[in-house]
Amino acid sequence: MKLEDLAEQCGEWLRGSGPESDIVISSRIRLARNLAEYPFVRKCTDQDRAQIERTLRERINTVSEWSALTYLDVDALEEVDRQFLVERQLISREHSESQGARGVAIDPSEKFSMMINEEDHLRVQVMHSGLDLESAWEQVNHIDDLIEARVTYAFNQRWGYLTACPTNVGTGMRVSVMLHLPALVITRQIEKVLRSLPKISLAVRGLYGEGSQAMGDFYQISNQVTLGRTEQELISQISDVIPVLIDYERRARDFLVQESERDLHDRVSRAYGILCTAQTISSEETMHLLSSVRMGINLGLIQDLGITTINKLFIHTQPAHLQKLRGVELGTADRNIERANYLQVHLRKQENGQDPEKN
Amino acid sequence: MKCQHCEKPATFHITELTGDTPVELHFCEEHARLYLTQAQEPEEVAPSLAGVLAQQLKVGQTAEDLAQLDQRACPVCGLTFYEFRHVGRLGCPHDYVCFAEELEPLIVNIHGATKHVGKSPHHGARGTDHQTRLIQLRREMKEAVEREDYEKASAIRDEIRELENRHDKDKDEDEDEG
């Protein structure tokens, strides 16, 4: 499977088909593991890293149920390809931008990926559409078991799974849920809601992981604590809170519909209009407008566009995706034009009743 | 509660005890990092949360104590505590053993706990001293080569081979039994 093939298809979490998927985009669980017989990545020699990469790749290859996985040597990829994987959430930004021998194994349906030599030797992540933590846990736990039978993990009884950064030690598990909260943003309740989360040791980040703005009203909630609780407890901690947040967002949306449907409809329609007709448009503006349109679809104010299409547009209008789909490298100005073209084509198709979605 | 410097939620609550009375400060992650990082070390790569806290936690009583602690290095990977404090990443699994005492307050600060209660690996939980020794031997061999002490390097390489073979044999026996 080549990267170009990935570009065309609809990744698992883009489907918008999981539970509560009007508000919950995806559920993600990540496990951090290290091999016992090597230093952590930062203190590795080049030779160590090469050996770790080879060992893990070979052992992963011996698992029969993973025969269809695609393995990529991230170090050998072009920047645009690495960026493409980041946009698709298959690797982290750190993995893309660091140096040295490193790779990633990707599931064809994009439900999971395994990064080798990121901050730790092995980072396995599972991503499901919608609110689906229990089954994501089952899957990632199973993957962990399969690998663990073939290597020796760095582990001790007191501190659990040993990781390069003490913030991950113990279970090595990061549970995250990505939410779309445009109504809470419009009604200015978002700050208050998010502020309450650190009190129960949950962290909030903007779209696309560490340290970014909350672009497009997407927020990622994850656990801060990884030690001293079981994996189930950490999952429950988040899955108890998410329904509360969903409820707040739904109420805020109801409120907007009741109190100011006309304004809301206007906002959403204008967003749709700009996206359909702009000649050049930045990715920031696109995110912002797509967010309004997405809410509009959820609330039934926009009829002729599906959730899957919108989810896809979020991804396909990102810089690397645009270039991969077009098959050529583009500078910023050209990308802004290409983005506008792409939006017009895909939104107008919907209007004319043609459905570009074959999946 | 909001960060003192911006509109983001405060996730760091720091009590400064350097003055006459304790002062409570509240920051978001970004401003906490700015507040706690005094000087930019040339080696520094985006200090992580752990590094920043490690810098601030007064692990030793005095500056001399801290200086002495900073010199301590892990025998297996060579990481010094100073390095850890500034980069926020550990060097090898053995660091959790040799710096256990110093890491404990930091880990309590982050997780509110010091004992793992979650999943354990089915195999290999019997201890990984053997693997730790391998890490140390490889490092010693590399240093011997750098010193051009090829005789020593050769001896270490033999020891490594022997350990690896013995381990494979043990593993095979394990599998036969298991």
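Got a sec to turn the phi values of the stretch A:334-347 into Karplus ³J(HN,Hα) couplings, 6.51 cos²θ - 1.76 cosθ + 1.60 with θ = phi - 60°, whole Hz, x for Gly and Pro?
5, 5, 5, 6, 4, 4, 4, 4, 4, 4, 4, 4, 6, 7
Using 7 Å Cα-to-Cβ label points, what is the B:VAL117/A:LEU325 separation (nm, one decimal)?
With each label point 7 Å from Cα toward Cβ, the separation is 4.8 nm.
Give, rounded to the nearest 20 debye, the magnitude of the charge dipole that the protein assembly as shown has about its Cα centre when Lys and Arg contribute +1 at Cβ and Asp and Glu contribute -1 at Cβ.
For the protein assembly as shown, the charge dipole is close to 1260 debye.
Sorting check: for A:136-144, A:254-262, which peptide has the highest mean count of neighbouring beta carbons within 10 Å, and how do the rest follow?
Peptide ranking by packing, descending: A:136-144, A:254-262.
Using 19 Å as the cut-off for backbone N distance, which residues of the stretch A:12-48 belong to the label zone defined by a point 7 Å from the Cα of A:THR308 along Cα→Cβ?
Taking a point 7 Å out along Cα→Cβ of A:THR308, the residues of the stretch A:12-48 whose backbone N falls under 19 Å are A:12-27.
Using modelled amide H (1.01 Å from N, peptide plane; none on Pro or chain starts), what sits under 5 Å from the amide H of A:ARG229, excluding residues fewer than 5 places away?
Counting only residues 5 or more places away or on other chains, the set is B:VAL117.
What is the average number of partner chain Cβ atoms found within 10 Å of a Cβ in B:138-144?
2
Which of A:ILE200, A:ASN298, B:CYS3 sits farthest toward the positive end of the charge dipole of the protein assembly as shown, with +1 on the Cβ of Lys and Arg and -1 on the Cβ of Asp and Glu?
It is A:ASN298, whose Cα lies furthest towards the positive end.
Would you mind giving the mean number of other chain beta-carbons within 10 Å of the Cβ of each residue in A:27-40, as a whole number?
Counting Cβ atoms of other protein chains within 10 Å of each residue's Cβ and averaging gives 5.
PRE reach from A:SER135 (point 7 Å along Cα→Cβ): which of the stretch A:19-61 fall under 16 Å by backbone N?
Answer for this model: A:19-22, A:24-29.
Going 7 Å from the Cα of A:GLN99 in the Cα-to-Cβ direction, what parts of the stretch A:106-125 have a backbone nitrogen less than 20 Å from that spot?
A:116-121, by backbone N distance to the label point.
Two decimals is fine: what's Rg over Rh for the protein assembly as shown, C-alpha atoms, Kirkwood radius as Rh?
On the Cα set of the protein assembly as shown, Rg over Rh gives 0.99.
Mind checking which of A:ILE281, A:PHE255, A:THR308 is farthest towards the positive end of the stretch A:251-318's charge dipole, using Cβ charges of +1 (Lys, Arg) and -1 (Asp, Glu) about the Cα centre?
A:THR308
Give, rounded to the nearest 20 debye, the magnitude of the charge dipole that the stretch A:111-245 has about its Cα centre when Lys and Arg contribute +1 at Cβ and Asp and Glu contribute -1 at Cβ.
Computed charge dipole of the stretch A:111-245: roughly 460 debye.
Please give the charge dipole size of the stretch A:1-41, origin at the Cα centre, charges +1 on K and R Cβ atoms and -1 on D and E Cβ atoms. Round to the nearest 20 debye.
Dipole of the stretch A:1-41, to the nearest 20 debye: 220 debye.
The numbers here are math on the coordinates, done by the rules we state, and not lab data. These numbers were taken from a predicted model, which means no experiment stands behind them. Note that we place each Cβ from the backbone using ideal geometry, even for glycine, and neighbour counts take in every protein chain shown.
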